[in-house]
Amino acid sequence: MSDLERKGNSPPPEPPDSRWRKQLRRLWSEAGRSLIRGASTAVGGMLVTYGAVWLQSRL
């Protein structure tokens, strides 16, 4: 059997570049979620503030 043939059922090792891309993609995804969560929190805060000001101006 030659050295090039795989022995066993384990997947071939990933090249370092592939691991780096996966880590970068995961970080980008987490950053996107954080940005969306922050934006929705800011919009919600603005709506609550606007509602409070509008309600006080009506009373």
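The values are calculated or read from the model by the stated rules, or taken from the named source; none is laboratory data. Here the structure is a predicted model, which means the values were calculated and not measured. Here Cβ is always computed from backbone atoms with ideal geometry, including for glycine, and neighbour counts include all displayed protein chains. For accessibility, only protein heavy atoms count, side chains too; no ligands or nucleic acids. Shrake-Rupley method; radii C 1.70, N 1.55, O 1.52, S 1.80 Å.
Odds and ends about this structure:
- Nitroxide proxy distance, nm - points 7 Å out along Cα→Cβ at ASP17 and SER29: 2.2 nm
- For segment 11-59, the carbon plus sulfur part of the accessible surface works out to 68%, probe radius 1.4 Å.
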